[in-house]
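These notes are about the structure you will find just below.
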Amino acid sequence: MTTLDQAPTELAGTKSRLALRLRVEHALTAGTVVSLLALWTLLSHYGLVNPLFLPPPEAVWSSFVEVLTKGYQGQQLHQHMEASLARILAGYFTACVVGIPLGLLMGFTYTVLVASEIVAATAGIGWMIWDASKFLLSDVVIMGLFVLGLTGLALDWAIRQFERFVTPWRFA
């Protein structure tokens, strides 16, 4: 059997393993939901938890139907959902309006920096890589790429540390 003959068999085996994994994940998810619902029902039925803190499932379902049909505080459920989604989308689009141009500007700035090093500089990592490549000094090119990559990792780490310092509540 050639390698080409084995490929469909291996692909079918990979697909069947993936399908089995998905079935197991779905079964575990469904089992977890059913188990938690059963535990909730038992805890509330036998009065093991104060209904003020954990109302029975029937009460929660009744509240859902009531808010869906009659509303809560003068608005139906879909109106509450619209208000929440409007806030979420406003935040998302605001982040896009600020973040995308800022990211493009940073990328453009980086590109200009590297391009200016290639065109007009006589020093710098970009210039060193470009100059070494002209003379087929592959060891210097690869070393320069490593330095560039490590510098990028170091800058990423520094920015993350600065973010932790400026917004400590996000990492608490």
Practice item. Have a look at Leu148, Ala12, Leu77 and report the one farthest towards the positive end of the charge dipole of the chain, computed about the Cα centre with Cβ charges (Lys/Arg +1, Asp/Glu -1). Key: Leu77
Point to revise | Mean separation of Cα contacts under 8 Å (6+ apart) over length of the chain, as relative contact order % | key: 6 percent
Review point. Using the Karplus equation 6.51 cos²θ - 1.76 cosθ + 1.60 (θ = phi - 60°), what ³J(HN,Hα) coupling, rounded to whole Hz, does each residue of the range 95-108 give in order, writing x for Gly and Pro?
Key: 4, 5, 5, 8, x, 5, x, 5, x, 5, 4, 5, x, 5
Exercise for review: Return the distance in nm (one decimal) between the two label points of a simple spin-label model at Ala19 and Phe162, each offset 7 Å from Cα along Cα→Cβ.
Suggested key: 5.2 nm
**Study point:** Helix-derived mean residue ellipticity, 222 nm - over the chain, DSSP H n ≥ 4, -39500 (n - 2.57), to 500
**Key:** -29000 deg cm²/dmol
Point to revise | Alpha carbon centroid spacing (whole Å) that separates the range 98-172 from the range 31-48 | key: 54 Å
Point to revise | Candidates Leu105, Leu153, Leu113, ranked by Gaussian network fluctuation over the chain, Cα under 10 Å, top entry | key: Leu153
Exercise for review: Have a look at Val97, Val140, Val24 and tell me which one the Gaussian network model of the chain (Cα, springs below 10 Å) gives the largest fluctuation.
Suggested key: Val24
Check your understanding: Put +1 on the Cβ of every Lys and Arg and -1 on every Asp and Glu Cβ in the chain; which of Ala38, Gly99, Asn50 then has its Cα farthest towards the positive end of the dipole?
Key -> Asn50
Review point. Counting Lys and Arg as +1 and Asp and Glu as -1, each charge on the Cβ, what is the dipole of the range 122-172 about the Cα centre in debye, to the nearest 20?
Key: 220 debye
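Coordinate-derived values only; no laboratory data. Remember, it's a predicted structure, so these values are computed and weren't measured experimentally. A quick note on method: Cβ atoms are made from the backbone with ideal geometry, for glycine too, and the neighbour counts reach across all protein chains shown.
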